[in-house]
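Presented below is the structure to which this report refers.
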């Protein structure tokens, strides 16, 4: 918490700088009421159920009990005990604080109360505002801190935590672990209501699921919801972290998932399900699709419903390829382990590295379940190639030095895998759309595999052939979701589909797959047009459709008709008659649809080095493409991976932290969900596990 500098000219107010989290979340037009919660109602769960003392001066005193059972006030600043007058007046309290308390006199020469105004926690600017200390508000924010930073409940009982809080404001009162536990439950209920209201404003959501385990071998399923709001902002919330009872069959997982969706009242809003390639997930996707389709709620009969995790498929490709060079990987891994085995070896290696004047100051040891960790180990070791050779001359026990041919192959492998490394990072983000980004990466990967697989003399030939076989297995037929996602990016449209499919497929097959994408686009857009007509009374899905039956134009507030006093009957306005004429022309002549107009316009050329925001583009063009923009928002909200980038490379399972594992399953569910919600609420990015959790760094001597 940043400290405030004393101001000149005293007041009797205390000084403290706090964050105003109610103001740090932007409010969108349809989601405004979600953010505007009643502060008093939210504070209520965090307030002790005791009769409130009415005098403002009681904030500076605690009540202590004497040996005879009577209660007297004690100053929280100087610890002086004061008598209580029989008539119950607080005049002694007033006099003490204003004239006698030495610490309050020092404070009165200091600072004004300050409060950080609008902005999220990442912003440094502050707006000075009036402020009043609220212990209820303090308890609420502390409960958020406990959840977001995965702190134990007894953190609030740490001695120095309470010292810090007392220094920040003497009115702070100690909180027990039982109280903060209850506060976390209250925060969960408040957060859940906010998200529920937000979900009520959208028609379609996308769901991802993934399995985790605890140290007690309890299997949890994390259910995450993704959607775009009316302001074209992408949202991601963990809805449930539910334990799945054994046996862990597809039916059991489906039952748990459907129960979660029903609890949030979104079971009929789900348009896609993104899962990894486990056989059980095929069962889950099939049963959920059947359940939703009974109500005819899935777009184009669920053709886009089951989305296979693209990062998982890339992982399978690379692991297959790496199996062809396991002997070389083993030698590099053992080389790093040999150096790391003792401090004297690290020192020897460090001295040799200094002679080479290498910028790198650490080695990397991989965890074999993560292919990117192996990639990092190989690429780092390659920079120390000559150092390893000199090290071998000085360490007789070191016998796994890769040969020159091995180093050359490591160089080729690293160059080749860089494509997969970058692609996995790009598609594993959760703060931006990914459905539009993968086809262009897939196209480059396919070209690279084909080029190497054509040359038997290429050192990467065996590895590329193995990977190409897996590629054709998973992407041998058109993946409609990533293709349509690319079309909804104005930089690509059908141009990228035409280009990439001619590289991925051959001859007539490419033409056939391109037609499938185009026909699917038409069918999907027609459904959105029909839905728009039902909701808005529009007679056509064209780009210029007006109202129904001579009604008012969607672009105008002009009345459609009026009562003529002379003729005593309702007459249409000129605007309404014109709109009726336009609709009659459209119905006969078939004016171009928004989709046709969008595809026939040139692609958007983005400036080099500029991060393009596809959702931002659709927001800027939503009046031109009023129906297509809604379709684009729904497509772009679909994640094509099930995991965030820090765990996208792992072939192993995700594991719940040990200090969380000792809690009951309901409490684990609550804490995991809340941590995600309040990170989003405060605008805090989850700290990436970087390469850290599954990569071991061997730091070299710096001196």
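Couple of notes before you dig in:
- Search result, residues across the range 485-509 that are crowded, with 18+ Cβ neighbours inside 10 Å and either closer than 19 Å to residue 445 by Cβ or free of Cβ contacts under 8 Å to residues at least 60 places away in the same chain (or both): 485, 486, 489, 492, 496, 497, 500, 501, 504, 505
- From the options 353, 341, 376, residue that is more than 30 Å from residue 425 (Cβ to Cβ) and at pLDDT below 95: 341
- Residue 394 in contact with a strand residue (DSSP E or B) (Cβ under 7 Å, 6 or more places away or on another chain), under 24 Å from residue 337 (Cα atoms) and not assigned by TED's automatic domain parsing to the domain that holds residue 233: no
- Scanning the range 608-630 for residues that are assigned to a helix (DSSP H, G or I), over 11 Å from residue 228 (Cβ atoms) and in contact (Cβ under 8 Å) with a residue 12 or more places away in the chain gives 616, 617, 628.
- Only a single item in (1) under 27 Å from residue 264 (Cα atoms); (2) over 31 Å from the mean Cα position of the chain (by Cα) is not met by residue 184, and it is number (2).
- Qualifying residue in the range 183-201 (condition: in a strand (DSSP E or B) and in contact (Cβ under 8 Å) with a residue 24 or more places away in the chain): no
- Residues in the range 417-439 that are buried (at least 19 other Cβ atoms within 10 Å of the Cβ) and under 16 Å from residue 482 (Cα atoms): 11 in all.
- Residue check, residue 307 within 26 Å of residue 419 (Cα to Cα) and not in a helix (DSSP H, G or I): yes
- Filter result for residue 544 (modelled with pLDDT under 90, in a loop (DSSP other than H, G, I, E, B) and not assigned by TED's automatic domain parsing to the domain that holds residue 441): yes
- Just one of the listed residues (266, 300) is touching a helix residue (DSSP H, G or I) at 6+ places or on another chain (Cβ under 8 Å) and at positive phi, namely 300.
- Residue 241 outside any loop (DSSP other than H, G, I, E, B) and assigned by TED's automatic domain parsing to the domain that holds residue 673: yes
- The one condition in (1) outside any helix (DSSP H, G or I); (2) within 36 Å of the chain's Cα centre (by Cα); (3) in contact (Cβ under 8 Å) with a residue 24 or more places away in the chain; (4) surrounded by fewer than 21 Cβ atoms within 10 Å (Cβ to Cβ) that residue 316 fails to fulfil: (1)
- Per the listing 272, 259, the residue uniquely more than 30 Å from residue 408 (Cα to Cα) and in contact (Cβ under 8 Å) with a residue 24 or more places away in the chain is 272.
- Filter pass, residue 213 being in the same structural domain as residue 293 (by TED's automatic domain parsing), surrounded by fewer than 17 Cβ atoms within 10 Å (Cβ to Cβ) and touching a strand residue (DSSP E or B) at 6+ places or on another chain (Cβ under 8 Å): yes
- Subset tally (residues that are in contact with a helix residue (DSSP H, G or I) (Cβ under 8 Å, 6 or more places away or on another chain) and surrounded by fewer than 19 Cβ atoms within 10 Å (Cβ to Cβ)) for the range 377-398: 9
- Output for the range 452-468, where each listed residue is in contact with a helix residue (DSSP H, G or I) (Cβ under 8 Å, 6 or more places away or on another chain) and without any contact (Cβ under 8 Å) to a residue 24 or more places away in the chain: 453, 455, 458, 461, 465, 468
- Helices (runs of 4 or more DSSP H) fully within the range 355-469 that include at least 1 residues being farther than 27 Å from residue 699 by Cα: 404-427, 438-453.
- Looking across the range 279-291, the residues that are in contact (Cβ under 8 Å) with a residue 24 or more places away in the chain and within 26 Å of the chain's Cα centre (by Cα) come down to 280, 281, 282, 284, 288.
- Among the residues listed as 553, 477, the single one being surrounded by fewer than 19 Cβ atoms within 10 Å (Cβ to Cβ), more than 30 Å from residue 624 (Cβ to Cβ), touching a helix residue (DSSP H, G or I) at 6+ places or on another chain (Cβ under 8 Å) and modelled with pLDDT under 80: 477
- Residue match in the range 259-266 (condition: outside any helix (DSSP H, G or I) and within 17 Å of residue 208 (Cβ to Cβ)): yes
- Matching option when the condition is touching a strand residue (DSSP E or B) at 6+ places or on another chain (Cβ under 8 Å), free of Cβ contacts under 8 Å to residues at least 60 places away in the same chain, closer than 19 Å to residue 699 by Cβ and in a helix (DSSP H, G or I), among 345, 333: 333
- Selection within the range 52-68: residues that are exposed (fewer than 15 other Cβ atoms within 10 Å of the Cβ) and at pLDDT 80 or above. The member of this set that is nearest to residue 166 (Cα to Cα) is 62.
- Of the criteria (1) assigned by TED's automatic domain parsing to the domain that holds residue 319; (2) more than 20 Å from residue 308 (Cβ to Cβ); (3) in contact with a strand residue (DSSP E or B) (Cβ under 9 Å, 6 or more places away or on another chain), which one residue 455 fails: (3)
The values are calculated or read from the model by the stated rules, or taken from the named source; none is laboratory data. This structure is a prediction, so every number in the text was calculated from the model and none was measured. Every residue, glycine as well, gets a Cβ built from its backbone with ideal geometry; the counts of neighbours run over all protein chains shown.
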